[in-house]
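Scroll down for the structure; my scribbles are underneath it.
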Amino acid sequence: MDPRWLSNAYLVADEHGGTAVFVDSGAPVAPLLRTAEEWRVTPTHVLRTHAHADHIAHEDELGLPVARGSLESGDLWIEAIATPGHSDDMVAFVVNDAAVFSGDTLFKDAVGGGDFEEIKSSVMDVFMSMPHERRVLPGHTDETTIGREWDHNPFVRVWRENEPEGTEQVRVGSRDATLIVWSPDYDGKGKAWVRFTDDGSDAIIGGSRVERP
């Protein structure tokens with residue numbers, strides 16, 4: 001994990017040894033390269049969840065083909081699933097049906113900021129339809145599981161109608177809004193779903209933008 005961006009880079013190898021892939025490269029990759037040597041595996045690709053700087057910073061150091069689609073690498077079976085919202089190019093990678101690398105779409109207790117309807121669709125229609133035991137390895141900080149986020153993620157709980165929408169009145173810049181959901185976020189600043197009073201539109205934004213009474 002990068003100490004500034006708190007962004008993750010991963011190395012995934014098949015259990016029999018032989019081949020491996022990296023997932024994103026926003027964190028220092030030297031420890032992962034050393035691990036590849038220790039495991040005696042040969043990395044074949046770097047899987048890019050999206051092209052924001054905090055996820056591709058060390059891509060050139062790896063010197064590997066960048067994958068954006070589904071592929072096989074030895075005994076690794078990798079399915080790429082489009083999950084737009086945080087960015088137009090966002091892709092989630094499911095490896096051997098056991099783990100999903102969610103980029104900046106789904107986090108422990110939070111979701112990514114971006115286009116509201118696309119984020120909601122990616123989270124609820126894609127991620128929440130996955131097996132609940134599946135590991136979720138996000139683009140920032142702590143891993144989780146689909147089942148945990150189904151039960152505990154504040155955004156998911158409201159979208160499932162398990163929790164009511166919030167009613168607190170706040171300000172976002174010069175605009176009045178209703179705070180529908182407030183959640184922790186990986187950077188400690190919180191993540192908010194707000195509904196603007198002037199036009200009724202919804203947005204998912206960083207908590208630092210919300211002025212609460």
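Every read-out reported here was derived from the displayed coordinates using simple, explicitly stated rules and does not represent laboratory data. For clarity, every value in this text was computed on a predicted model and none was experimentally measured. Cβ placement follows ideal geometry from the backbone for every residue including glycine, while neighbour counts extend to all protein chains displayed.
Taking the DSSP beta bridges in the range 10-159 as the whole, what percent of them are antiparallel, to the nearest 5?
The answer is about 60 percent antiparallel.
Leaving out same-chain residues fewer than 8 places away, which aspartates and glutamates sit with a Cα under 15 Å from that of Lys189?
Lys189 reaches Asp109, Glu211.
How much net charge surrounds Ser183 when only other residues with a Cβ under 9 Å from its Cβ are counted (Lys, Arg +1; Asp, Glu -1)?
With Lys, Arg at +1 and Asp, Glu at -1, the neighbours total -1.
Using a simple spin-label model with points 7 Å from Cα along the Cα→Cβ vector, what separation in nm is obtained for Arg148 and Leu64?
Taking the two extended label points, one gets 2.5 nm.
Using +1 at the C-beta of Lys and Arg and -1 at the C-beta of Asp and Glu, which of Met130, Gly69, Ala36 has the Cα lying farthest in the positive direction of the dipole of the range 30-153?
With unit charges placed on the Cβ atoms, the residue in question is Ala36.
Hey, what do the phi angles of the range 66-82 turn into as Karplus ³J(HN,Hα) couplings, whole Hz, using 6.51/-1.76/1.60 and θ = phi - 60°, x for Gly and Pro?
For the range 66-82, the Karplus curve yields 8, 9, 10, x, 5, 6, 10, 9, x, 8, 8, 10, 10, 9, 9, 10, 5 Hz.
Report, to two decimal places, the Cα Rg of the range 168-211 normalised by 2.2 N^0.38 Å (N = number of residues).
On the way: Rg = 9.7 Å, N = 44, 2.2 N^0.38 = 9.3 Å.
Ratio of Cα Rg to 2.2 N^0.38 Å: 1.05.
Between the alpha-carbon centers of the range 147-213 and the range 10-55, tell me the distance in whole angstrom.
The two parts, judged by their Cα centres, are 34 Å apart.
With +1 on each Lys and Arg Cβ and -1 on each Asp and Glu Cβ, how big is the dipole of the range 54-213 about its Cα centre, in debye rounded to the nearest 20?
Numbers: 15 positive and 32 negative charges, 106 e Å.
Approximately 500 debye in magnitude.
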